[in-house]
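First the structure, in the form of C-alpha cells, and then the observations on it.
What follows draws every value from the coordinates through simple rules; no lab data is involved. What you see is a predicted model, and the numbers here were worked out from it, not measured in a lab. Here the Cβ is made from the backbone with ideal geometry for all residues, glycine too, and neighbour counts use every protein chain on show.
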Amino acid sequence: MYQQIQEGIDRYTQKIRSYQAEGKRIFASSSFQTHSIPMLRILSEIDQSIPVYFLDTGFHFPETLMYKKQIGELYGLDVRHLTSPIAKKQQINAKGEFSFVSDPDHCCYMNKVLPMEVVLPQYDVWISGVRKDQSKFRANFQEEEQGKHDTLRYHPMLNWDKKMIWRYIYDNDIPHHPLDAKGYESIGCEPCTAVRFRVTDDRNGRWEGMDKKECGLHIDLIDNTIQ
Ligand code: SF4
C-alpha cells in the first residue's frame, strides 16, 4: 500500500508540474471532509498558490466551515468561497420551502453549478478529489476528462481507495472533521446529509430517500459515461 500511495503522490506531482509547464491555469475544489484532505495536503506540497474553491451553499454544517478554516490555515492554502448568484430569499417556493425539499437537483444547480460557472472560464484545469471506490457512478470516471468551458477535469485521487486515503490521513496526522466521530460518512450540506454507521459506498448518507446520488458539479461526468 505504501508504494501505491507514493506512486499516487508522484503521479499527482508530475501532472501538476506538466500542466504548469504548459502554462495552464489550475484550480481545485473541495468539500472539506476528512477524506478530501489528502488531495489538498499533497497539493499544498506541490504549490500552495493554486486556489482551492469551496462552494459555500449556505447550507453547510458550522463544523464544516470551522474545519475548512483550520485546514486552510494548517496547510497554507489559498481557499476561496463561491456563493450562488441567486439570493436565498429567491430560492424559497410558494410553500415557503427551500428547493432541497422537493427538487434537490435544482437546489444544487443554483448553489453549486451556477457559482462554478463563473470560475470555469478563468482556468484550464480543474482538480477534484473524486474516487472510483466512492460510488458506481464514480467508478466510471477517468483520470482526465473534458469539462465545460474547455476545462480539463483532473482527478488525482481517482484510483486511491479508502484504505490508502485513511493510511495517508493517519500517517500525516491530518485533523479529522468534527462530525466524523458522530457517524457521518459523507458530509455535504446539512439538509441532505444523514448519519450512517453502516454504508455500502461512500456516497450513502447523502440525499437519503431521494433518487439522487451525485451533486450537480459532477453530473456532466456521469452523462459522459452513459453516452
Ligand atoms: S446538497 Fe442539498 S442543500 Fe446542498 S445544494 Fe444540493 S440540494 Fe441544496
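A few comments on the model shown:
- Residue-span extension gain [Glu73 to Asp150] - 0.36 nm each, minus C-alpha spacing: 24.6 nm
- Extension reserve of the Gln90-Ala194 stretch, reckoned as 0.36 nm per residue once the Cα distance is removed: 34.8 nm
- 3J(HN,Hα) from dihedral phi, region 32-38, Karplus parametrisation 6.51/-1.76/1.60, rounded to Hz, x for glycine, proline: 6, 10, 4, 6, 7, 6, x
- Cβ-derived FRET efficiency at R0 25 Å, Asp124 paired with Asp10, nearest 0.05: 0.65
- Nearest 10 degrees, 0 to 90: helix 62-75 Cα axis against the chain principal axis: 20 degrees
- Rounded to 10°, Cα long-axis angle of helix 162-171 versus longest principal axis of the chain: 70 degrees
- Largest first, the extents of the alpha carbon coordinates of the chain on the three principal axes equal 53, 39, 38 Å.
- Listed by chain and number, the lysines whose alpha-carbon sits under 30 Å from that of Lys132, ignoring those within fewer than 8 places in the same chain, are Lys15, Lys24, Lys68, Lys69, Lys112, Lys148, Lys162, Lys163, Lys182, Lys212, Lys213.
- Free of any GluC sites (Glu not before Pro) that DSSP assigns to a loop and that have at most 14 other C-beta atoms within 10 Å, the longest stretch within the chain is 23-96.
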